[in-house]
Amino acid sequence: MKHLRFVPRLALFALSFLLTAQSALAQRGGAAPGIPGVYRASVEPHWFAGNTKFWYRADSAKEKREFILVDAREGKREPAFDHARVASALAGHTTADITADHLPIDSIDFAADMKSVRLFGSSKAWRLGLDSYQLTELSGDEARPPVGSTTQQGGRGRRGGGGGGGGGGFARAGARSPDGKFDAFVKDHNLWLREVASKEETPLSTDGSAADTYWRDPYREQAVGMQFTLRDPPASTPDVYWAPDSKSLMAMRTHTVPHHTVYEVESSPRDQLQPKLQSYPYLKAGDEIPVHKPHLFLMDGRKHIAVDDASFKNPWDISDVRWAGDSSRFTFLFNERGHQALRILAVDARNGDVSRIIDEHSDTFIDYSGKFFNQYLDDTGEIIWMSERDGWNHLYLYDAKTGQVKNQITKGEWVVRSIERVDRAARQIWFYASGIYPGQDPYLMHYCRVNFDGSGFTKLTASNGFHSVQFAPDRKTFIDTWSRVDAPPTNELRSMEDGPLLCKLETADATEYLATHHRYTEPFVAKARDGVTDIYGIIYRPTDFDPAKKYPVIEYIYAGPQDSFVPKNFRGRSGQQTLADRGFIIVQMDGMGTSNRSKKFHDYCYKNLGDAGFPDRILWIKAAAEKYSYMDLTRVGIYGTSAGGQNSLGGMLTHADFYKVCVSDSGCHDNRMDKIWWNEQWMGYPVGPEYAQQSNVTLAPKLQGKLLLMWGELDRNVDPSSTVQVINALIKSNKDFDMVMVPGAGHGVASTPFGRKRLEDFFVKNLLPNSQSAGS
């Protein structure tokens, strides 16, 4: 059962649709271990059984290493042992040159009494007596590191991961009744009942047909579940939910529709000479979708009770079915197609009457795919619910029976980003938030705690950076790792009580990194189109940057409204930096219409994806150029992949006076050609005239400047025909352009070595004079 819910099924989206989008949330721990030239950047704790101590290994430059022991209760950090004495002791066991900071030890394992420690090298292991510093070489099982490390990779997990279970309540989806007396099954598309003991079969419904069946429809479930394509769907099963007392059940009846099929020609298959035709079901914006609705059946008299659908007409999805513990009612989550209504509805098990428990509305859209959380608290008859109704993403506490809001749990001009834990016993919520510190970048993540009644709001992290945490097994302390694009990671041990610093663990050493790269990526802030709102972005400069030169500017864009995309934590060398080193200034920013700010900020995207924040982006770049005169705004390029492919070409077509060169990769150029859930959520349903008006196919005759279109022949994320239709429109308009189609390739051609080279070379050719191209 899933009752703790936040951004359901989004992992499928993140794995593919954001192939090249650099979300600031993608990196656990604030910085990835192994960034060349950056040392002591992360802490991987190995906790002792009592949860009060842990050790970790700190790796420094020139392959130096140190083992650290931390007493979390006392806030004490010290070497795990005398490294010089260990080096001396090891000298008698090997001919290698051993020093205190170059021990041939990979990991360690303390004895429970802390009087000895096992040392594990690449091929040998020893036991070290901490009183005598005598070494004993080990063999057999003792020479093997412990299986199942006690390392706690608490982390904050993925944004949208939710986690845990709601507990309580019943959502029994299955054919056999809880008392074991009946099996529900489908025959001739109708719902039937079979007594287990006598095998006697009785029809419960008579309204089933091939068009309206009681079979579960895997096509529909996968389509609205935000999968791009459907492959090998599971066999259909009855869609049945029994009441705990086995006296009634709810079954979904699905209205089926023909599958929308996309066809692709694989020109160069590996196993044969001749091309292959490939096809797969893929729902696009405006398509007819399968619809399922609940039906109530009573075992007494085998009655079929009609459930009035006035409160759940035209569903996009009906999910999260739950029976009350006393079997008096069942509830479900209704998401209306068009995503302007999201409701929890209750159905009386006696008569089928429907009541609204939670009724969320929006004149634009409800961000169900990115800002959804609900948890039932059955012991107290409450529901925790997420909403942007006051203009910011916050949490509310509902009375689950009456549907009344008991109180708003979080409030203020900041946003809840993800829920890490709901502690029912303590009636507390632990979560990540952004924008809680004035003066800091509002996208920076901080860890917080609040009571169910809204009291006791506590900010557990404070440093000016992007934070992630790893928890002690007993959750009394945590490791806080924070960084920014211009500040390497800092690791600190803090108390879970109210966040005070217990001890500093590691501050990353980036001396070698700076010696090679000369500078960090620079955050930059400028005003949006309204002259009030701050727009946040970053600037990459060439490694051999010379402020006396003039540099073309290239914007890397991804303006998808499902998230924000400018990196916020410290990272190593990126594709943007590689391109900058060819002789460019690279910029990236999150304009209006992207997520993780206020609802007003986000609403700019509604039925307006063609805007892509360009009025804000252009003002931002101009503000940067006003500060930095070496940015040459007579030579501006733009590139992106997927939604960024759509954005980059859209910017070229609608702002030709600014953007002169464009590389558009795997673009979803017409929102009617792309996946249903993403496009209908932001562009609205039914499909309106704005779809065609903002299509790059429609706008293609406006092309000026230099354009390179790239796409993969077998892209199953974005229909390749989306790009080919742009090509057709450009040809009809007699426009010059370049294109690269990669046979057999999928989504994101620019991420391949061939595609990346073509992208970089195209900008060098069209933005750099010959005198500067030598910097490539």
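The values are calculated or read from the model by the stated rules, or taken from the named source; none is laboratory data. Everything numeric in this text was worked out from a predicted model, so none of it was measured. Ideal geometry is used to build each Cβ from the backbone, glycine not excepted, and the neighbour counts take in all protein chains shown. Surface accessibility is based on the protein's heavy atoms, side chains included, excluding ligands, DNA and RNA. Shrake-Rupley method; radii C 1.70, N 1.55, O 1.52, S 1.80 Å.
For Asn608, list long-range residues whose amide hydrogen, built 1.01 Å from N in the peptide plane, is under 5 Å from its own amide hydrogen.
none
Output wanted: per-residue J couplings in Hz (rounded whole) for the range 307-315, from phi through Karplus 6.51 cos²θ - 1.76 cosθ + 1.60, θ = phi - 60°, x for Gly and Pro.
My calculation for the range 307-315 gives 10, 5, 9, 4, 8, 9, 6, 6, x Hz in order.
Between Lys732 and Arg519, what is 0.36 nm times their sequence separation minus the Cα-Cα distance? Round to one decimal in nm.
That pair, Lys732 and Arg519, stretches by 72.0 nm at full extension.
In 10 Å bins starting at 0, how do the alpha-carbon pair distances of the range 288-424 split up by percent?
11, 40, 34, 13, 2, 0
Just want to confirm a number: the relative contact order over the chain, from Cα pairs under 8 angstrom separated by 6+ residues, in percent.
In percent, rounded to a whole number, it is 12.
About the Cα centre, and with charges only on the beta carbon of Lys, Arg (+1) and Asp, Glu (-1), how big is the dipole of the chain? Nearest 20 debye, please.
640
Once Rh is set to the Kirkwood radius over Cα pairs, what Stokes-Einstein translational diffusion coefficient, in µm²/s, holds for the range 371-468 at a temperature of 20 °C and a viscosity of 1.002 mPa s?
D = 156 µm²/s.
Using modelled backbone amide H atoms (1.01 Å from N, in-plane), which distant-in-sequence or interchain residues come within less than 5 Å of Leu283's amide H?
Ile676
Treat each spin label as a single point 7 Å out from the Cα along the C-beta direction, and report the Gln272 to Ala61 distance in nm.
Rounded to a tenth, the inter-label distance reads 6.0 nm.
Run the simple label-point estimate for Thr578 and Lys181 please: 7 Å along Cα→C-beta, distance reported in nm.
Spacing of the two 7 Å Cα→Cβ label points: 6.7 nm.
Taking the Cα centroid of the range 595-635 and of the range 33-64, what is the distance between the two, rounded to the nearest whole Å?
40
Have a look at the DSSP beta bridges in the chain and tell me what percent are antiparallel, nearest 5.
Given both bridge residues lie in the chain, the antiparallel proportion sits at roughly 85 percent.
For Ser116, list long-range residues whose amide hydrogen, built 1.01 Å from N in the peptide plane, is under 5 Å from its own amide hydrogen.
Ala111, Leu130
In whole Hz, with x marking every Gly and Pro, tabulate ³J(HN,Hα) for the range 47-54 from phi via Karplus 6.51 cos²θ - 1.76 cosθ + 1.60, θ = phi - 60°.
Values, residue by residue: 7, 7, 4, x, 6, 9, 9, 8 Hz.
Roughly what % of DSSP beta bridges within the range 326-417 run antiparallel, to the nearest 5?
100
On the full set of protein chains, 1.4 Å probe, figure out the accessible area of Arg758 and give it in Å² to the nearest 10.
Its heavy atoms expose roughly 80 Å² to the probe.
Can you tell which of Pro290, Val307, Ile318 lies farthest toward the positive end of the dipole of the range 270-319, using +1 and -1 charges on the Cβ of basic and acidic side chains (Lys, Arg; Asp, Glu)?
Pro290
For the pairs Lys371/Lys459; Lys284/Lys600; Lys706/Lys732; Lys622/Lys732, flag any whose C-alpha to C-alpha distance is greater than 23 Å.
Lys284/Lys600; Lys622/Lys732
Quick one: if you take sqrt(5λ) for each eigenvalue of the C-alpha gyration tensor of the range 627-684, what semi-axes come out, biggest first, whole angstrom?
One finds semi-axes of 28, 11, 10 Å for the range 627-684.
Over the range 549-657, give the accessible area per residue in Å² for a 1.4 Å probe, as an integer.
Here the per-residue accessible area is 24 Å².
So which lysines pass the test for Lys187, namely a Cα distance under 22 Å, with those fewer than 8 places away in the same chain ruled out?
In chain and number order, the partners are Lys199, Lys247, Lys293, Lys303.
What is the sum of charges, Lys and Arg at +1 and Asp and Glu at -1, for the other residues whose Cβ falls under 9 Å from the Cβ of Ile586?
Residues near Ile586 contribute 0 overall.
In square angstrom, rounded to the nearest 10, how much accessible surface does Ser209 have for a 1.4 Å probe?
Its accessible surface works out to 40 Å², give or take rounding.
With the full set of protein chains in place, find how many percent of the accessible area of the range 485-619 is carbon and sulfur; take the probe as 1.4 Å.
The C+S portion of the solvent-accessible surface of the range 485-619 is 52 percent.
How much length would be gained if the chain were fully extended between Lys702 and Arg350, taking 0.36 nm per residue of separation minus their Cα-Cα distance, in nm to one decimal?
120.4 nm
More than 33 angstrom separation, counting every C-alpha pair in the chain; what % is that?
Value for the chain (Cα pairs over 33 Å): 60 percent.
Once the range 633-770 is represented by equal point scatterers at the alpha-carbon sites, with solvent omitted, what log10 I(q)/I(0) does the Debye formula produce at q = 0.22 Å⁻¹?
The computed values of log10 I(q)/I(0) come out as -1.37.
Output the direction-averaged projected area (hull surface divided by four) of the convex hull of the alpha-carbon atoms of the range 598-668, in nm².
Quarter of the Cα hull surface area: 5.4 nm².
How large is ³J(HN,Hα) for each residue in the range 471-476, as worked out from phi by the Karplus curve 6.51 cos²θ - 1.76 cosθ + 1.60 (θ = phi - 60°), to whole Hz, x for Gly and Pro?
Per residue, the Karplus-derived 3J(HN,Hα) values read 9, 5, x, 8, 6, 8 Hz.
Any idea what the relative contact order of the range 708-776 is, in percent, if you count C-alpha pairs under 8 Å spaced at least 6 apart?
After rounding, I find 40 percent.
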